[in-house]
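Taking it in order: structure first as structure tokens, then the write-up.
The values are calculated or read from the model by the stated rules, or taken from the named source; none is laboratory data. Predicted model only: the values in this text are computed from it and were never measured. Cβ placement follows ideal geometry from the backbone for every residue including glycine, while neighbour counts extend to all protein chains displayed.
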Amino acid sequence: MSEPDKSTARTIDIVEASLKRRYARERRFKLMGLGAVLLGLLFVTLLFFDIVSKGYTAFVQTHIALEVYFDPAVIDPDGKRDMAEIARADFRKIAREPLAKLFPEVTSRGDKRALYSMLSSGAPYQLSKMVMKEPGLIGTRQVVDLVADDDVDMVVKGNIDRNAPAADRRVNDQMIGWISKLEADGVVKKKFNTRFFTNGDSREPELAGIGGAAAGSFYTLLVTLLLSFPIGVAAAVYLEEFAPKNRWTDLIEVNINNLAAVPSIVFGLLGLAMFINLFGLPRSAPLVGGLVLTLMTLPTIIIAARASLKSVPPSIREAALGVGASKMQTVFHHVLPLAMPGMLTGTIIGMAQALGETAPLLMIGMVAFIVDIPGGPLDPSTVLPVQVYLWADSPERAFVERTSAAILVLLAFLIAMNTFAVIMRRRFERRW
Amino acid sequence: MALLTLMAFAFYLGRRRSLTVVGGRSGVKNLHSLPAYYGFYTALWAGLPALLVAGLWLSFEGSIITTLVVDGLPAEMRDTDPGRLGLLVNDIKNLASGNIVSAHVDETMQRAADHLNELRSVGRMALGVVVLSIALAAGALAWRAIGPKMRARNRVEFIVNGLLIASSLIAILTTVGIVLSVLFESFRFFHKIPLTDFLFGLEWSPQIALRADQVGASGAFGAVPLFAGTLLVSFIALLVAVPIGLMSAIYLADYAGPKLRSYAKPVLEVLAGVPTVVYGFFAALTLAPAIRNLGESVGLVVSSESALAAGLVMGVMIIPFVSSLSDDVINAVPQSLRDASYALGATRSETIRRVVLPAALPGIMGGVLLAASRAIGETMIVVMAAGLSANLTANPLESVTTVTVQIVTLLVGDQEFDSAKTLAAFALGLLLFVVTLGLNIVALHIVRKYREQYE
């Protein structure tokens, strides 16, 4: 107090002395923020990189090109070309014979069995199908690309290390020797894996496909869309345009907001107790899955639809009412068409959510092992994410790449749907 | 399908009749409503009552037919206990639809199956006839009632309004349905297992032995280990998500240039759109082995299904959730507060830490609570990456199990709705529902209250 000059000088000094520290702190804080963002981005890239690097190999499948002799003595001993008779023929023998010819030194029973296990158990069916389609093949020699077993596939793709100690790998030295010889002969081929997209589930990785799960997903989403879109839009229209502001509508609103945050598995419990136990609907059916997912996506759709109704300016409504339209006509002829793009965007996002949902579908039995491709919403089926879950549990190494590939397909659908939603929003978004 | 064409036809007829009663197009001005409304009116009458009847029929068809078939069975087959009877009925149904049957087929079963098929086809035919005649009758009545004075538009609008209300009530019905279905089964569970045992018991082993003399015959339903596991995993998740989410929200809101923001934000949002199975797969097959190897290299024993892996991945999943909520909240803090702080000479980070964050704290807390409720209810990640054994531990390297994992394991596969094992899942579901609902309500309340503060 006695020396005011000195005290002011000291404030400045304090400030300046602390500046360095404060700026350092500022930089640290900023770096922390940047670090957080980068960490987030790192997670995204890590996740995608991991899945892509594991999964891209599943899109090709190893085949062994063998010269198959469609021996009439085996396929059609009577020579009557009776299709039912041919279907029963021992095509396993036909598929194995050329392999045995390639390795004449293999004679013992056990070794032979090992040798034959290099071909997939689906290879005979492959031949049988060929003959059924074209009976003229009987008695001819054809070079056919037969599906290889998943272990062979893994070795050829390098997912099983050939140089690892024999105890650590699934495939023994003998088999690797055979594979190397086949490769040296140039008969090992990698072909685009169409089976992966068309087949249903299978215990054999090389035959398993996502066709059945994709069809199940399609039917489930179809049911969800057909139910949730009309109901969601109707509910939004009522709440936004007609409902009086009272306790009831408040209750409905709070309810919808809360439903949006209820864990999805609880919806599964609801589906199990209500739809399956009480109403006796079939288990594992896309219909029930669709119903459960409808209840789940409704809040999302209602909230989005209300937002888009809200963005239609009141002048539109007033103009329509002014020329004598009824309230209902105003809404359905003028407001609803203008709000439609926003509603559709919300619906697509809701559908994308429904497509990725797994937990509630486990509850209603869509986890069953189903080989057939479902032909309608009442057939038992699984969906894509559940298929991922099922495969992820399988011990075979080959299922890891298939799971990743299934995830890639799932993500591709999701990205396509979301991109479509974004494009729609950009194109139709109107500023009033 | 037939009903739809009938409705379209009714629309056409109603519309035409409205025109003919006033003498063609020139008389339209004498009509109360536009001709199309008369058409809608007729179509609705033709469609709705018939649809209602069909819906009722279809929902009760199964049980009625089953009762009839059971009544048709010989008495000695009917007098077994309900479980056996259910099995038998199932076999008969399978036989009727040509599927594989578990028991061996005898003549009575074959007859019952034929009976079932017959009843089904009769039922279907009766349904078709009844529905179509109702549709025709109601449509014809409505058609006759059409006249120039009839207020068709008002009536149609009344019906449509009713449909709209019904749709918005579905949300309420869903909640009621959830509560009822979960509550009902839970009551049955608490009938067998006392509530206090469930809430405070320290041991969880839901296996019920088939015979009384088997080991572990009692089955223990103490849910405390599940709560502990759930809390542990959620806590790890929040430990990851809250700092990263919050800091990235702050950085993107206050520091980042527009270019970085426009790229980084959508990319982070991608994390929210990835299905949870994908995270589960990543946690189980990539992260968990990595953590185990890491732990082993420094001499720690890490379970291959550690809580750490599940928690970390779950944290990554809720990062965008936390960051978008904090972003909202931080943006809601008025600019004037920041300006005042800058004017006093504070640096940006000081402004954020001393002014913006305290002001936004309630909102951020609300966001964290919402994230916590999401973490508690998350299923797939923990099902795939956390274990099944109910350990009561706080060690994140050990395997723990959670409420959702147990619900899934108890309900996937065969279920019998009279065993405590299946019912326990519903009790856990009730608990999950109540806890998440509570968290949500509190969180939404905080967030809303906080927003009002600055509006």
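Need the failing condition index for A:HIS334 against (1) within 11 Å of chain B (Cβ to nearest Cβ); (2) free of Cβ contacts under 8 Å to residues at least 24 places away in the same chain, just the number.
(1)
Please specify each residue of the stretch A:270-282 satisfying the condition of being out of contact with any helix residue (DSSP H, G or I) (no Cβ under 6 Å at 6 or more places or on another chain) and not β-branched (Val, Ile, Thr).
If the condition is that a residue be out of contact with any helix residue (DSSP H, G or I) (no Cβ under 6 Å at 6 or more places or on another chain) and not β-branched (Val, Ile, Thr), then A:ASN277, A:LEU278, A:PRO282 are the ones that fit.
For the stretch B:412-426, does any single residue satisfy the condition of being crowded, with 24+ Cβ neighbours inside 10 Å, of a type in the set (A, V, I, L, M, F, W, C) and within 10 Å of another protein chain (Cβ to nearest Cβ)?
yes
I want to confirm something. Restricting to the stretch B:125-159 and keeping residues that are within 14 Å of another protein chain (Cβ to nearest Cβ) and surrounded by fewer than 19 Cβ atoms within 10 Å (Cβ to Cβ), which single residue is nearest to A:SER326 (Cα to Cα)?
B:ASN154
From A:GLU85, A:GLU3, A:GLU67, grab the single residue that is of a type outside the set (S, T, N, Q) and at pLDDT 80 or above.
None of the other options fit; the residue is A:GLU67.
If you take the residues in the stretch B:174-195 that are among the aliphatic types (A, V, I, L, M), in contact with a helix residue (DSSP H, G or I) (Cβ under 7 Å, 6 or more places away or on another chain) and farther than 14 Å from A:GLY271 by Cβ, which one is surrounded by the most Cβ atoms within 10 Å (Cβ to Cβ)?
Residue satisfying both the conditions and the ranking: B:ILE193.
Could you tell me which residue of the stretch B:255-287 is farthest from A:THR419 (Cα to Cα), considering only residues that are polar (S, T, N, Q) and within 7 Å of chain A (Cβ to nearest Cβ)?
So the residue we want is B:THR286.
Going by what's in this entry, would A:GLU97 be described as loosely packed, with under 13 Cβ neighbours inside 10 Å, of a type in the set (Asp, Glu) and farther than 20 Å from A:GLN61 by Cβ?
Considered against the rule, which asks whether it is loosely packed, with under 13 Cβ neighbours inside 10 Å, of a type in the set (Asp, Glu) and farther than 20 Å from A:GLN61 by Cβ, A:GLU97 comes out as no.
Could you please give the count of residues in the stretch A:270-306 that are more than 11 Å from chain B (Cβ to nearest Cβ) and not in a helix (DSSP H, G or I)?
Number satisfying all stated conditions: 2.
Determine which member of the set A:LEU378, A:LEU414, A:LEU408 is touching a residue at least 24 places away in the same chain (Cβ under 8 Å), surrounded by fewer than 18 Cβ atoms within 10 Å (Cβ to Cβ) and either outside any helix (DSSP H, G or I) or within 12 Å of chain B (Cβ to nearest Cβ) (or both).
Only one candidate passes the filter, namely A:LEU378.
List pairs: first residue in the stretch A:417-429 and farther than 18 Å from A:ALA307 by Cα, second residue among the small types (Gly, Ala, Ser) and at pLDDT 90 or above anywhere in the structure, Cβ distance under 8 angstrom, at least six positions apart or on different chains.
So the pair list comes out as A:MET417/A:ALA352; A:ASN418/A:ALA352.
Can you name the condition, by its number, that A:ARG203 falls short on among (1) part of a helix (DSSP H, G or I); (2) more than 14 Å from chain B (Cβ to nearest Cβ); (3) of a type outside the set (Val, Ile, Thr)?
(1)
Name the one entry in A:ILE256, A:ILE265, A:ILE316 that is touching a His at 6+ places or on another chain (Cβ under 8 Å) and farther than 25 Å from A:GLY375 by Cα.
A:ILE316
Which count do you get for residues in the stretch A:123-175 that are farther than 29 Å from A:SER53 by Cβ and acidic (Asp, Glu)?
1
Which count do you get for residues in the stretch B:239-252 that are crowded, with 20+ Cβ neighbours inside 10 Å and either more than 7 Å from every other protein chain (Cβ to nearest Cβ) or without any contact (Cβ under 8 Å) to a residue 12 or more places away in the chain (or both)?
8
Select, from A:PHE267, A:PHE229, the only residue that is more than 9 Å from chain B (Cβ to nearest Cβ), buried (at least 16 other Cβ atoms within 10 Å of the Cβ) and either among the hydroxyl-bearing types (Ser, Thr, Tyr) or in contact with a helix residue (DSSP H, G or I) (Cβ under 6 Å, 6 or more places away or on another chain) (or both).
A:PHE229
Answer with yes or no whether A:ALA213 is touching a residue at least 24 places away in the same chain (Cβ under 8 Å), part of a loop (DSSP other than H, G, I, E, B), within 25 Å of the chain's Cα centre (by Cα) and buried (at least 23 other Cβ atoms within 10 Å of the Cβ).
Judged against the criteria, A:ALA213 is not a match.
Considering A:ALA320, A:ALA325, A:ALA392, A:ALA359, which residue is in contact (Cβ under 8 Å) with a residue 40 or more places away in the chain and of a type in the set (Gly, Ala, Ser)?
Answer to the selection: A:ALA359.
Is it the case that B:LEU210 is surrounded by fewer than 14 Cβ atoms within 10 Å (Cβ to Cβ), at pLDDT below 80, in contact with a helix residue (DSSP H, G or I) (Cβ under 7 Å, 6 or more places away or on another chain) and over 23 Å from A:LEU259 (Cβ atoms)?
For B:LEU210, the condition - surrounded by fewer than 14 Cβ atoms within 10 Å (Cβ to Cβ), at pLDDT below 80, in contact with a helix residue (DSSP H, G or I) (Cβ under 7 Å, 6 or more places away or on another chain) and over 23 Å from A:LEU259 (Cβ atoms) - is not met.
Kindly indicate which of B:ALA375, B:ALA343, B:ALA359 is crowded, with 24+ Cβ neighbours inside 10 Å and on the phi < 0 side of the Ramachandran plot.
Answer to the check: B:ALA375.
Return a yes/no flag: does the stretch B:301-314 have any residue that is more than 14 Å from every other protein chain (Cβ to nearest Cβ), out of contact with any helix residue (DSSP H, G or I) (no Cβ under 6 Å at 6 or more places or on another chain) and without any contact (Cβ under 8 Å) to a residue 24 or more places away in the chain.
no
Do we find a residue being in contact with a Pro (Cβ under 8 Å, 6 or more places away or on another chain), more than 7 Å from every other protein chain (Cβ to nearest Cβ) and in a loop (DSSP other than H, G, I, E, B) anywhere in the stretch A:238-254?
Checking the stretch A:238-254: not a single residue is in contact with a Pro (Cβ under 8 Å, 6 or more places away or on another chain), more than 7 Å from every other protein chain (Cβ to nearest Cβ) and in a loop (DSSP other than H, G, I, E, B).
Considering the stretch A:381-399 alone, what residues qualify as being over 17 Å from A:LYS54 (Cβ atoms) and in a loop (DSSP other than H, G, I, E, B)?
A:SER381, A:THR382, A:VAL383
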